[in-house]
Amino acid sequence: MKVAVVGGGSWGTSLAAHLVKTGHDVNLLVRDGVRRDEIATRRENSRYLPGVLLPAALRIECDDTAARGAEMLVMAIPSEAFRGVCRGLASSLAPGTALVSATKGLEIDTLRRMTEVVAEEAPGQPVAVLSGPSFALEVALGQPTAVVAASAHAAVAEAVQQAFASPTFRVYSSDDVVGVELAGALKNVIAIAAGIVDGLGYGQNTVAALITRGLAEIGRLGVALGGRAETFSGLAGLGDLVLTATGALSRNRRVGQALGAGQTLDHAVHETGMVAEGVRTTRAACDLAARARVEMPIAEAMRAVLYEGRPPRVAVDALMIRSLKRE
């Protein structure tokens, strides 16, 4: 299959390399010409995946024409750039080209999921989402990973499943696009909270409580918006939440750790060196919750910390003294 992957960060580079190894003809679209030349020459994305040798067959491009003739277009870019990039590429796509979102975020102004953005900017094209517990570096190193490919159309989900599947990359199919997509975006908010807990010096009891109650609230919102409850107990929900809230490679957790240790948000984001989608998603999550009349106390606490200047310790401790309830 001819595949174009958009995004020269860690996730886009990792997925492109993986698809080459599974036998596909792959173009990686990197818009920064300097980085494109460096990756093409050194066969390494030294900024995002240092030390990982990229396949010689992977082509690195910086022009939108890289998407022409592709049977599948994989979008692995920050949510804030997603609509503009999708709009720019739409005219290059042949009818029937499947668009796969590998972006775990929400559009902050419209509260749209990425597949909803695709439907608006490239109407009529098959759409799917790929999500689950998957650190880019570990995928690039060929470590066993399992994810979910979801589409409203079974044939599209199964096509994506087949395209990505390998002995080290197991792909399950689903038709719960809403649940899979929301689970991937919302877990980043909880991961920031988990990082704050760690940065404050609290123990594993606190982290376990936070993850469990975090799963409960993102599941409540997801179901209210049309997702299925079981999705949130699967790879896209619980699996990705546990990984992102506890894993050392999690950029959202690292932002939270820095905040808990007393750093400013700007410094924390800068030190991470990559996009932490949870920072923006926190606002969208709270706005979606208000619209759906769903209670999300952890997300609200994170909004207070990130955007209203509330001290992290005060926010976490306030969660503990909320009125007592049945589980």
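The values are calculated or read from the model by the stated rules, or taken from the named source; none is laboratory data. Small disclaimer: the values here were computed from a predicted structure and weren't measured. Note that we place each Cβ from the backbone using ideal geometry, even for glycine, and neighbour counts take in every protein chain shown.
Only one residue in A299, A284, A258, A268 is more than 22 Å from G201 (Cα to Cα) and buried (at least 18 other Cβ atoms within 10 Å of the Cβ), so which one is that?
None of the others qualify; the one that does is A284.
In the range 214-252, what residues are buried (at least 22 other Cβ atoms within 10 Å of the Cβ) and either among the basic types (K, R) or not in a helix (DSSP H, G or I) (or both)?
G227, S250, R251
Would you confirm, using the coordinates I've provided, whether V20 is over 18 Å from the mean Cα position of the chain (by Cα), buried (at least 18 other Cβ atoms within 10 Å of the Cβ), of a type outside the set (S, T, N, Q) and not in a helix (DSSP H, G or I)?
no
Only one of V314, V294 is among the β-branched types (V, I, T) and outside any helix (DSSP H, G or I). Can you tell me which?
Testing whether each residue is among the β-branched types (V, I, T) and outside any helix (DSSP H, G or I) leaves just V294.
Name the single residue, out of those in the range 40-91 being surrounded by 15 or more Cβ atoms within 10 Å (Cβ to Cβ) and free of Cβ contacts under 8 Å to residues at least 12 places away in the same chain, that is farthest from D109 (Cα to Cα).
Checked the range 40-91; the qualifying residue farthest from D109 (Cα to Cα) is E44.
Pairs only if they're at least six apart or on different chains, beta carbon under 8 angstrom, first in the range 210-234 and more than 16 Å from V294 (Cα to Cα) and modelled with pLDDT of 95 or more, second of a type outside the set (S, T, Y) and in a loop (DSSP other than H, G, I, E, B); list them, first residue then second.
So the pair list comes out as T231/D176.
Quick one: would you say V171 is aliphatic (A, V, I, L, M), in a helix (DSSP H, G or I) and out of contact with any Asp or Glu (no Cβ under 6 Å at 6 or more places or on another chain)?
Criteria not met by V171.
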